[in-house]
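Student: Quick one: the structure is below, and I'll ask about it shortly.
The values are calculated or read from the model by the stated rules, or taken from the named source; none is laboratory data. All of these numbers come straight from a predicted model, not from anything done at the bench. Cβ atoms come from the backbone with ideal geometry, glycine included; neighbour counts cover every protein chain shown. Protein only, heavy atoms only, side chains kept; ligands, DNA and RNA dropped before computing areas. Shrake-Rupley method; radii C 1.70, N 1.55, O 1.52, S 1.80 Å.
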Amino acid sequence: MLLTITTTHNPATDLGYLLHKNPSRIQTFPQTFGAAHVFYPESNPEKCTAALLLDVDTIGLVRGKRGENRTLEHYVNDRSFVASSFLSVAIGQIYRSAMTGKSESHAALAQTAIPLEARVFSLPCRGGEDFLRNLFEPLGYEVRAENQLLDEQFPEWGASDYFNVTLRAEKRLSELLTHLYVLIPVLDNEKHYWVGDEEVEKLLRRGEGWLGSHPMREIITRRYLKHRSSLAREALTRLMQDEIAELATEKPETSEETLEKPLSLNEQRYAAVIAALKSVAAKRILDVGCGEGKLLRRLLDERSFTEIAGMDVSHRALEIAAERLRLERLPDMQRERIKLLHGSLTYRDARLAGFDAACVIEVIEHLDAARLTAFERVLFEFARPKTIILTTPNFEYNAKFETLPQGKFRHADHRFEWTRAEFEFWAEQTAAKFGYQVQFSTV
Ligand code: SAH
């Protein structure tokens with residue numbers, strides 16, 4: 001079982017300080033399941049790699065078990081050879097200070113995003129490569145996965161569930177270690193230790209700041225807690241409460257919002273949208289890709305909008321929207337003004353027809369370029385509201401965000417960000433194609 005972590009931050013040898021492990025020595029740490037070794041296959045100012053190698057004593061593990069529970073599977077299994085929960089346990093012990101972001105000598109660096117590459121060898125991915133990608137890509141990792149054959153001698157047996165995985169990102173070392181710590185057992189989906197109540201606390205602590213907004217948070221929670229449904233329910237409720245409490249205080253929770261916060265761009269954007277809706281005297285409003293309902297809540301405050309519908313592909317976002325709008329507790333008159341619809345903007349949907357105006361606020365950049373044509377037809381041809389108000393980030397404006405590296409998008413899920421010229425080109429073409437007139441304004 002092998003995990004390597006590489007940085008090209010200069011001087012790369014600082015990795016030794018961050019991990020609290022001296023690059024010039026091989027160190028061995030006895031574990032309940034065998035031994036863990038830390039060593040550096042390369043260490044120079046340009047590039048430094050730390051390797052964590054686990055030597056699992058399968059026989060030793062079985063010896064500890066009560067006789068009647070022993071089965072052949074206890075002896076013959078993949079545990080010694082794959083990156084399983086044992087690796088996660090070892091990260092939590094051997095790299096503990098690094099995982100919690102502590103460093104006395106290099107405190108500032110521990111809090112700084114640096115270029116990192118992690119390689120995990122023979123990682124069992126129950127759910128396949130897609131599942132692996134769905135776990136790590138929303139967190140901003142570039143993922144490479146090399147599948148291993150079940151048996152090199154019998155290629156006709158096909159692929160196995162095991163991958164050599166490379167993850168690359170600019171992150172704090174503590175973030176990378178935390179993500180690995182939580183997600184390796186989720187991928188493995190095997191139990192090897194008893195999951196008790198304290199695991200809920202551990203998950204919530206380690207998941208702070210990222211798990212609540214992860215699109216796969218439900219399955220991550222269920223698998224991490226080994227499908228103990230009562231624990232998973234508790235964890236999800238608490239994750240959700242934290243999130244709702246955050247929403248209630250309007251604390252920005254996504255990196256995109258944090259980035260934009262100093263300029264209060266989001267507020268300005270909603271105000272501009274509402275002004276535009278009023279300028280065309282729209283009454284029946286559709287908000288597609290409504291997300292967590294921030295615009296919907298503002299629309300609800302305006303009496304002139306008599307009918308409001310929000311639509312999104314994410315169940316989870318709609319749940320949060322329902323909470324935010326306090327749908328359950330609205331007086332009947334208000335309750336009748338608004339509805340939430342689950343659906344995708346890339347499929348024709350009769351429920352979207354008959355509105356005065358549709359808002360598409362910061363949504364199209366989340367669609368694959370190939371799906372954009374489908375979206376155009378769904379909205380402009382079939383739903384066909386009189387007015388469409390559509391916003392998308394201006395790529396040229398990104399230079400104003402001091403914390404955003406040049407050339408990067410504002411959000412990991414953005415498939416593209418256009419310059420003003422690119423946006424105008426698309427909008428003019430689309431308007432012409434479907435018989436709309438188009439106007440541009442900036443926020
Ligand atoms: N309009 C909201 C949310 C923007 S985030 C706001 O301004 O706050 C983008 C939203 O688009 C997300 O909620 C995402 O779930 C949704 N989305 C992405 N692809 C979609 C699709 N194909 N159909 C419907 N909604 C989609």
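Student: Under a point-charge model restricted to the Cβ atoms of Lys and Arg (+1) and Asp and Glu (-1), what is the dipole moment magnitude of the range 321-406 relative to its Cα centre, in debye to the nearest 20?
Tutor: The dipole magnitude comes to about 380 debye.
Student: What FRET efficiency do you get for Thr28 and Phe416 if R0 is 41 Å and r is their Cβ-Cβ distance, rounded to the nearest 0.05?
Tutor: E(calc), rounded to 0.05, equals 0.25.
Student: Could you check which residue among Arg335, Arg222, Arg144 shows the biggest mean-square fluctuation in a GNM of the chain with a 10 Å Cα cutoff?
Tutor: Result for the chain, Cα springs under 10 Å: Arg335 fluctuates most.
Student: Need the C-alpha centroid separation for the range 327-348 versus the range 113-163, integer Å.
Tutor: With the range 327-348 and the range 113-163 each reduced to a Cα centre, they are spaced 40 Å.
Student: How much of the accessible area of the range 262-373, in percent, comes from carbon and sulfur atoms when a 1.4 Å probe is used?
Tutor: 53
Student: Which value, in debye to the nearest 20, gives the size of the charge dipole of the range 395-442 about its Cα centre, when Lys and Arg are +1 and Asp and Glu are -1 at the Cβ?
Tutor: 80
Student: For the ranges 386-393, 369-376, 402-409, what's the packing order if you count other beta-carbon atoms within 10 Å of each residue, average per peptide, and put the highest first?
Tutor: 386-393, 369-376, 402-409
Student: Keeping all protein chains in place, calculate the accessible area per residue for the chain (probe 1.4 angstrom), answer in Å².
Tutor: Accessible area per residue, the chain: 51 Å².
Student: Ok, one more. Which value at 222 nm does the chain reach when only helices count, each DSSP H run of 4 or more adding -39,500 (n - 2.57), with the total divided by all residues and rounded to the nearest 500 deg cm²/dmol?
Tutor: Calculated from helices alone, the mean residue ellipticity at 222 nm is -10000 deg cm²/dmol.
Student: Go ahead and collect, in residue order, the members of the range 1-33 whose backbone nitrogen is under 17 Å from a label point 7 Å along the Cα-Cβ direction of Leu109.
Tutor: Residues passing the 17 Å test: 5-25.
Student: Taking the chain as a Gaussian network, where each spring joins two C-alpha atoms under 10 Å apart, which residue of Arg217, Arg351, Arg284 fluctuates the most?
Tutor: Result for the chain, Cα springs under 10 Å: Arg351 fluctuates most.
Student: On average, how much area does the Cα convex hull of the chain cover when viewed from any direction, in nm²?
Tutor: Approximately 25.9 nm², given one-decimal rounding.
Student: Which value, in debye to the nearest 20, describes the size of the charge dipole of the chain about its Cα centre when Lys and Arg Cβ atoms bear +1, Asp and Glu Cβ atoms bear -1, and nothing else is charged?
Tutor: The calculation lands at about 840 debye.
Student: Could you work out how far apart the two model spin labels at Ser264 and Ser441 are, taking each label as a point 7 Å from the Cα in the direction of the beta carbon, and quote it in nm?
Tutor: Label-label distance for Ser264 and Ser441, simple model: 1.8 nm.
Student: Any chance you could give the angle, 0 to 90 degrees and rounded to 10, that helix 420-434 forms with the longest Cα principal axis of the chain?
Tutor: Helix 420-434 sits roughly 60 degrees off the main axis of the chain.
Student: In the range 6-31, whose amide N lies under 13 Å from the spot 7 Å out along Cα-to-Cβ of His37? List them in ranges.
Tutor: 25-30
Student: Still on this structure, I have one more. Show me 175-181, 153-159 ranked by packing, highest mean number of other Cβ atoms within 10 Å first.
Tutor: In descending order of packing, they fall as 175-181, 153-159.
Student: Calculate what fraction, in whole %, of the accessible area of the range 392-436 sits on carbon and sulfur atoms when a 1.4 Å probe is rolled over the protein chains.
Tutor: About 51 percent, which is the carbon plus sulfur part of the accessible surface.
Student: In degrees from 0 to 90, rounded to the nearest 10, what is the angle of the helix 197-206 Cα long axis to the longest principal axis of the chain?
Tutor: Helix 197-206 sits at roughly 70 degrees to that axis.
Student: Within the set Lys21/Lys226; Lys226/Lys408; Lys171/Lys202; Lys102/Lys171; Lys339/Lys433, which residue pairs have Cα atoms separated by over 25 Å?
Tutor: Table pairs above 25 Å Cα-Cα are Lys21/Lys226; Lys226/Lys408; Lys339/Lys433.
Student: Only bridges whose two residues both fall in the chain count here: according to DSSP, what percent of them are antiparallel, nearest 5?
Tutor: Beta bridges within the chain, antiparallel portion: roughly 70 percent.
Student: Which residue, Val280, Val182, Val363, has the most motion in a Gaussian network model of the chain that connects Cα atoms within less than 10 Å?
Tutor: Among Val280, Val182, Val363, the largest GNM mean-square fluctuation belongs to Val280.
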